[in-house]
Amino acid sequence: MIVVTGATGSLGSEIVHSLLEILPARQIAVSVREPGDASHFAAQGVEVRYGDYDEPDSLRSAFQGADRLLLISASGIDFEERVEQHRRAIKAAVDMKVGQVYYTSLIHRDPSSAYVMKAHEETERMLKNSGLPFTILRNGVYTEAYEQYLGDTSAGEVAIPADGSVAWTSRRDLAKATALLLKRGGRQGETLQLTGPETLTVHQFTQILNSVTRQDIKVRIIPLNEYIEIQMSQGKSAEWARHWATTYRAMRRGEFAIYDPFLRRLLGRPLMNVRDVIAQEIREAV
């Protein structure tokens with residue numbers, strides 16, 4: 001039995017759809033906080049289980065009988081909260097004698113200067129010390145989540161405190177690859193780097209976005225204090241803005257500019273580039 005956590009999220013739902021293309025539904029279960037939101041999977045024969053990272057008992061029940069467990073990282077950027085949620089999940093996997101855990105980390109250099117990566121680094125350490133068979137999936141930055149990195153562009157500009165190259169990676173390619181890895185099993189103890197076909201700075205990404213959408217968005221590198229003020233004017237806290245700003249510092253240092261051919265080899269086909277993803281999103285929005 002393959003159990004997928006976070007199966008109603010953007011990545012998790014794509015992975016379950018990909019699993020259903022290559023495996024019988026009876027071999028798949030999902031662990032979700034809101035089972036009603038996964039009714040479409042239940043209708044296809046997937047077992048829907050209640051599992052909440054904040055409720056250890058629910059996780060033990062959700063992970064029962066799992067030969068392979070996909071542990072999708074908790075959302076948000078708060079270090080302590082995410083690490084504690086992952087600790088509960090790993091403990092539940094140990095208690096239920098899960099066959100192997102696959103964890104969705106993010107691509108980075110060790111150690112990373114990005115605050116958001118600290119929870120991934122600690123979770124990787126916890127897995128390695130857990131005694132569980134594990135595989136770490138270091139995914140490239142999701143191309144479809146570009147608005148998170150470009151910020152609010154409604155005023156016609158991207159205002160960020162630093163820039164640097166990023167291995168932008170299609171979430172759909174990652175979902176297909178993760179499904180294949182879960183189906184095949186193995187790769188115990190490995191850390192796999194799953195990255196897209198190109199590395200681009202935010203400025204280069206924006207140029208492609210402009211070309212596809214026929215906009216004229218400018219990129220402006222601004223002082224940290226100004227960046228924090230802009231984020232606060234949009235409803236973010238100063239603490240959140242300071243933490244998220246370290247992501248751009250890591251970009252400038254090249255921490256996310258890691259290209260690895262593994263993903264392309266695994267899928268056996270060309271990967272979706274930034275232009276492909278943006279164009280597809282526009283077609284699907286029509």
Across Lys91/Lys176; Lys128/Lys236; Lys176/Lys236, pairs whose alpha-carbon gap is larger than 31 Å: Lys128/Lys236; Lys176/Lys236
Under 19 Å from the Cα of Lys118 - aspartates and glutamates, other chains or at least 8 residues apart: Asp78, Glu80, Glu81, Glu84, Asp110, Glu239, Glu255
As I understand it, the value is the acute angle between the Cα axis of helix 79-95 and the longest principal axis of the Cα atoms of the chain; what does it come to in degrees, rounded to 10? 20 degrees
Rule-of-thumb Rg ratio for the chain [Cα; 2.2 N^0.38 Å; N residues]: 1.01
Connecting C-alpha atoms closer than 10 Å in a GNM of the chain, tell me which of His40, His86, His243 has the biggest fluctuation. His40
Magnitude of the Cβ-charge dipole (Lys and Arg +1, Asp and Glu -1) of the chain about the Cα centre, nearest 20 debye, reported as 960 debye
Return, ordered by residue number, the residues of region 116-148 whose backbone nitrogen is under 15 Å from a label point located 7 Å along Cα→Cβ of Leu224. 116
For region 94-247, size of Cβ-based charge dipole, Lys and Arg +1, Asp and Glu -1, in debye: 660 debye
Just to be sure I understand: with springs between alpha-carbon atoms less than 10 Å apart, which residue in Gly186, Gly76, Gly151 has the highest mean-square fluctuation in the Gaussian network model of the chain? Gly76
Helix 274-285: angle to the longest alpha-carbon principal axis of the chain, degrees 0 to 90, nearest 10? 80 degrees
Residue of Gly185, Gly268, Gly254 that the Gaussian network model of the chain assigns the largest fluctuation, springs spanning Cα pairs under 10 Å: Gly268
Roughly how many debye, to the nearest 20, is the charge dipole of region 218-263 about its Cα centre, given +1 on each Lys and Arg Cβ, -1 on each Asp and Glu Cβ, and no other charges? 140 debye
Which aspartates and glutamates have a Cα less than 12 Å from the Cα of Lys97, not counting those fewer than 8 places away in the same chain? Asp67
Helix 238-252: angle to the longest alpha-carbon principal axis of the chain, degrees 0 to 90, nearest 10? 80 degrees
In whole angstrom, note down how far apart the Cα centers of region 21-45 and region 192-255 are. 35 Å
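None of the figures in this text is laboratory data; all of them are computed from the coordinates on show. Worth saying up front: this structure is predicted, and the values here are computed from it rather than measured. Every residue, glycine as well, gets a Cβ built from its backbone with ideal geometry; the counts of neighbours run over all protein chains shown.
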